[in-house]
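Please read the structure below before turning to the comments.
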Amino acid sequence: MDYIIKNGIGSKNTALNTEKGISLALSNKDLSGISLNLNMTKDHQIVIATGDTLKKFPNIKIKDSTLRQLKNYNIGTRVNPEQIMTLEETLHQFQNDLKSFIFTMGEHGKDNKRFVEEVTKIINKYPNSNLYLKSSSSEIVLYLREFAQFAKIGAILIDTSPYFLKQQLDFYSLAGPSLCPYWSKQKSEEKTLLMVENVMNEDEAIDTIQETKDFLKKMYMIVNDIDIFNSIYDPCQKELETIEGINKTN
């Protein structure tokens, strides 16, 4: 099982979704990668941003702003000021890192196709990076299958609808651990990579491991922040060691 963290590692002087925050996550030996959200600006530039607005400037909508305008805002801290990062800047900066980059693409309505085209135009420049693209939008997933050349393509499963099973995707990401009992049974037989998002505490983490214990080598646990990760890491490692010990004796 691999651990993935969302948005990087933040601290008092380090903001999430910044070069420093991403670098801290990638340098953590216990993390296997990072999960980042993508958005598209008014002038069709792809940026790293958790929501539709800048976190520190909630009135600034990304879709209504050009990249040049967004670069005027300090999304970092007073001590470490930082600009919003583009997907291109992120992949160029960390192209030699072997860890996983998992990018989430949200619904962009009538601009879904353009969104996917712009993302994959950049992604396709980095065939040697370990890249994953996922969405809960069926339209975006279908476009990704058409345009992405090297990245692995997956769907975010938010319920038990079987729609995405017909697409033969590279991986599936559960929107929460409550979906594990259903989907782990469905996917374990196929040995498809499974990700579980929004694991919030030790109990959910241990339950997730128990539900996916038959294919832990093909499972990513995605945690929301470093505090949650630090709280679940030791209990999870003990649980994994117990399962491994049982498997060896059987």
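The values are calculated or read from the model by the stated rules, or taken from the named source; none is laboratory data. Since we're looking at a predicted model, the values are computed, not measured. Glycine gets a Cβ as well: all are built from the backbone with ideal geometry, and neighbour counts include every protein chain shown. Ligands, DNA and RNA are excluded from the accessible area calculation, which covers all protein heavy atoms including side chains. Shrake-Rupley method; radii C 1.70, N 1.55, O 1.52, S 1.80 Å.
A few comments on the model shown:
- Since only Pro177, Met219, Ile209 are under comparison, the one whose Cα sits farthest along the positive direction of the charge dipole of the stretch 168-241, derived from C-beta charges on Lys, Arg, Asp and Glu, is Met219.
- Taking only protein heavy atoms and a 1.4 Å probe, the accessible area of the chain is 45% carbon and sulfur.
- Spin-label pair Ser138/Asn72, simplified geometry with 7 Å Cα→Cβ offset, distance in nm: 4.2
- Inter-label distance, nm, simple model (7 Å from Cα along the C-beta direction), Leu98/Thr160: 4.1
- Placing +1 on the Cβ of every Lys and Arg and -1 on the Cβ of every Asp and Glu, with no other charges, gives the chain a dipole of roughly 780 debye about its Cα centre.
- Reducing the stretch 49-114 and the stretch 141-193 to their Cα centroids gives an inter-centroid distance of 25 Å.
- Fraction of beta bridges assigned by DSSP in the chain that are antiparallel (%, nearest 5): 15
- If both residues of a DSSP beta bridge must be in the stretch 1-96, then about 70% of such bridges are antiparallel.
- Gly76 long-range amide H proximity, modeled H, under 5 Å: Glu82
- Over 28 Å (Cα to Cα) - which of Lys12/Lys152; Lys12/Lys42; Lys110/Lys217; Lys71/Lys125; Lys121/Lys166; Lys12/Lys61 fall in this group: Lys12/Lys152; Lys12/Lys42; Lys110/Lys217
- Å² per residue, accessible surface of the chain at 1.4 Å: 51
- These residues, Arg114, Arg78, go from largest to smallest accessible area, 1.4 Å probe, as Arg78, Arg114.
- Label sites at Phe57 and Arg145, each approximated as a point 7 angstrom past Cα along Cα to Cβ, lie 3.9 nm apart.
- Where [x] 13.6; [y] 20.8; [z] 15.1 are the candidate values, the label of the one calculated here for mean projected area of the Cα convex hull in nm² is [x].
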